[in-house]
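Every number here is computed from the coordinates shown, using simple stated rules; none is lab data. Owing to the predicted nature of the structure, the values given are computational and were not obtained by experimental measurement. Cβ atoms come from the backbone with ideal geometry, glycine included; neighbour counts cover every protein chain shown.
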Amino acid sequence: MAKTKILIILGSDSDLPIMEDGLNFLKAIGVPFSLDISSAHRHPEKTVALAQKAREQGIEVIVAAAGLAAHLPGVVASHTTLPVIGIPLKGDALNGLDSLLSIVQMPKGVPVATVGVNSSRNACILACEILSIKYAEVRKKLEQLKESMKKEVEEKSKQVLRNTVKTGARGKGQGSRKKE
Ligand code: C2R
């Protein structure tokens, strides 16, 4: 995929460390993205312009991440018909519940597809899943991801069984717990 189809907007540069996990995923599977900082509160004009121009610039999905009273994803969604994925970020005071509710509880008519608190990787996977409807190469990468997750689970399962055989535990579910 040569052209950028995903626009990522962060409420602040202080959000970058949490976004890193998602960005690394996109880099690893080779899906280009553009990244910008804006704020519905601190720079409403820029936020509206980003949302309004995204489609004509070839963007197909927008990911918006913000903490605290996180109005950014909702405001972006109100100015575009592109799908918007919101990432609630954990602040100091309320553990991310503030941003989670601000993003997920949108009024009828303006949805924001909300992932878990700090779940930047899931947001980027979801963005790729939307693109995979149209782009076979993205679909293929996602299928490979599913396969690698299965292998990882299998590997961990074998490892646990090997360890429990060594220690004499039974190795499955609650049955493996030692009796008091
Ligand atoms: P600073 O670290 O810049 O003070 O930002 C940002 O996403 C960040 O998590 C603190 C937090 O404020 C958030 N922020 C919003 C919005 N703009 C910034 N929630 C907005 O417009 O929704």
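Go through 50-58, 103-111, 118-126, 81-89 and give me the packing order, highest mean Cβ count within 10 Å leading. List each step's numbers first, then the result.
On the way: 50-58: 15.3, 103-111: 13.4, 118-126: 21.6, 81-89: 23.7.
In decreasing order of mean packing, 50-58, 103-111, 118-126, 81-89 become 81-89, 118-126, 50-58, 103-111.
By the helix-only formula, in which each DSSP H run with n ≥ 4 contributes -39500 (n - 2.57) and the sum is divided by residues, the chain has a 222 nm mean residue ellipticity of -15000 deg cm²/dmol.
Summing charges over all other residues whose Cβ lies under 13 Å from the Cβ of Lys46, with Lys and Arg as +1 and Asp and Glu as -1, gives 0.
Of the residues Ser102, Ser148, the one with the fewest other Cβ atoms within 10 Å heads the list, and the complete ranking is Ser148, Ser102.
Lys and Arg at +1, Asp and Glu at -1: add these up for the other residues within a Cβ distance under 10 Å of Ser120 and post the number. Walk me through the numbers before you get to the answer.
Values: positive: Arg121; negative: Asp15, Glu20, Asp21.
Spelling it out: positives minus negatives among the neighbours equals -2.
Summing Cβ point charges (Lys, Arg +1; Asp, Glu -1) relative to the Cα centre of the chain gives a dipole of roughly 1080 debye. Compactness of the chain is given as radius of gyration and Dmax, 19.8, 65 Å, from Cα positions. Pairs of Lys residues in region 1-147 that lie 8 or more places apart, or on two chains, and have C-alpha atoms under 15 angstrom apart add up to 6.
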